[in-house]
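Down below is the structure, laid out as structure tokens.
The values are calculated or read from the model by the stated rules, or taken from the named source; none is laboratory data. Given the structure is predicted, the values throughout are model-derived calculations rather than measurements. Backbone-built Cβ (ideal geometry, glycine too); neighbour counts: all protein chains shown. When the accessible area is computed, the model is the full protein with side chains, heavy atoms only, and any ligands, DNA or RNA have been set aside. Shrake-Rupley method; radii C 1.70, N 1.55, O 1.52, S 1.80 Å.
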Amino acid sequence: MMIKREPCPSFTARCSATPSRAAPALLVYILLSSYAIYCAITARNNVRRLRSFAWQALFRFSFFLLRWAGVGGGSPTSLRHFLTMDTLALLGGVINITRIPERFRPGLFDYWCNSHQIMHVLVVGSILYLHWGVLDDLLWINSYHCPLD
């Protein structure tokens, strides 16, 4: 019985003869993430803390664009999860540095619903979307068959 196999995208490390094809990208991402955490911890204000994650976000977005263009591999349904993840994280950071809603009603949001709490809720939502996106990709990897070349 012959199984029809779809072509493997050129950037998918899963179908590569050398399994370490993704290692340089992972190493760069780990280094950028480590540097972003260092910058966020040592930042003197909220704007610099948010800005410290810019290179890491641009790196993720470049791989998102590669997958969207069909160059990379992975589940097509996971892209919306990753886009939502980064949007929620960015929105949480912007709300935290702009101090919305306590900017408009000082004193009213000292204990509940202040910008810092809203940011944390959005970041937890962001992590949920990351989980769902990775889950979609793992299910795709489990069911994907590489060409027989």
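Net charge near Phe109: determine it from the other residues with C-beta under 14 Å of the C-beta of Phe109, scoring Lys and Arg +1 and Asp and Glu -1.
Result for the neighbourhood of Phe109: +1.
With a sphere of radius 15 Å drawn around the Cβ of Arg99, what net charge do the other residues whose Cβ falls strictly inside it have (Lys, Arg +1; Asp, Glu -1)?
Combined, the nearby Lys, Arg, Asp and Glu give +1.
Per residue and in Å³, how big is the convex hull formed by the alpha-carbon atoms of the stretch 60-132?
Each residue corresponds to 80 Å³ of Cα convex hull volume.
Hey, any idea what the orientation-averaged projected area of the convex hull of the stretch 37-83's Cα atoms comes to, in nm²?
3.8
At Val47 and Leu26, where each label point lies 7 Å from the Cα along Cα→Cβ, what is the point-to-point distance in nanometres?
It is 3.8 nm.
Report the gain in length on full extension from Cys146 to Val124: 0.36 nm times residue separation, minus Cα-Cα distance, nm rounded to one decimal.
4.4 nm
Over the stretch 30-82, average the accessible area per residue using a 1.4 Å probe and give it in Å², no decimals.
69
For His131 and Val94, FRET efficiency with R0 = 25 Å and r from the beta-carbon atoms, rounded to 0.05?
Step by step, r from the Cβ atoms, then E = 0.65.
Which distance in nm do the two modelled labels at Arg103 and Leu58 give, with both placed 7 Å along the Cα-to-Cβ direction?
Label-label distance for Arg103 and Leu58, simple model: 2.5 nm.
7 Å from Cα along Cα→Cβ at both Leu65 and Tyr111: what's the point-to-point distance in nm?
4.8
Which is farthest toward the positive dipole end of the stretch 35-122 among Val47, Phe104, Thr77, measuring Cα position about the Cα centre, with Cβ charges +1 (Lys, Arg) and -1 (Asp, Glu)?
Going by the Cα projections, it comes out as Val47.
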